[in-house]
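Have a look at the structure below, then the notes.
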Amino acid sequence: MSGGKTGSDAASILHRRYVKGEPAREASIEKERVNARVATMIYCLRTEANLTQKELADLVGTKQSAISRLEDADYEGHSLSMLNRIAEALKRRLVVEMAVPDPRPSDSNSETAGRGNNHATRRPRIGS
């Protein structure tokens with residue numbers, strides 16, 4: 001698939017066909033990307049700290065099921081208060097940013113392509 005052709009992979013084709021130029025769909029996808037980044041960030045930092053969900057929950061003062069929900073990419077109930085408590089328990093600082101939307105076409109996703117594997121080594125951020 002990496003034969004140098006731009007936009008010929010299935011995700012790009014589907015994006016151009018069903019999402020591009022549809023503001024509501026683009027917004028929905030961005031919302032899901034943020035949820036997935038938050039979930040992945042919590043999971044990566046927790047596992048890097050060699051903690052189980054139960055151990056992190058005990059440090060945060062919540063139940064294991066709450067940590068499980070937060071690590072689920074489909075969960076939409078993230079609160080800044082809970083994220084800050086998790087950051088403190090993991091000896092981190094929560095950083096929240098609001099950015100101007102990227103003017104590039106949204107099917108050009110090079111900026112976010114490598115984020116999933118490297119959250120633990122960079123400053124965690126929510127959104128982009």
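Read-outs throughout are calculated quantities, based only on the coordinates presented, and are distinct from any laboratory measurement. Remember, predicted model here, so these are calculated numbers, not experimental data. With ideal geometry, Cβ positions are generated from the backbone for all residues, glycine too; neighbour counts draw on all protein chains shown.
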message = Apply the Karplus curve 6.51 cos²θ - 1.76 cosθ + 1.60, θ = phi - 60°, to the phi angles in the stretch 44-56 and return the couplings in whole Hz, x for Gly and Pro.
response = 4, 5, 5, 5, 4, 7, 6, 10, 7, 4, 5, 5, 5
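Taking the Cα centre as origin and putting +1 on Lys and Arg beta-carbons and -1 on Asp and Glu beta-carbons, what dipole magnitude results for the stretch 10-51, to the nearest 20 debye?
Dipole magnitude for the stretch 10-51 comes out near 140 debye.
Treating only the Cβ atoms of Lys and Arg (+1) and Asp and Glu (-1) as charged, compute the dipole magnitude of the stretch 1-80 about its Cα centre; round to the nearest 20 debye.
The calculation lands at about 300 debye.
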key: Proxy reagent accessibility, fewest Cβ within 10 Å first, across Tyr43, Tyr75, Tyr18   = Tyr18, Tyr75, Tyr43
request  = Would you mind putting 33-42, 84-93 in packing order, based on average other-beta-carbon counts within 10 Å, highest first?
outcome  = 33-42, 84-93
note = If the chain between Asn50 and Ser65 were fully extended at 0.36 nm per residue, the gain over the current Cα-Cα distance would be 3.6 nm
task = Within the set of other residues whose C-beta is less than 9 Å from the C-beta of Gln53, count the net charge using Lys and Arg as +1 and Asp and Glu as -1.
result = 0
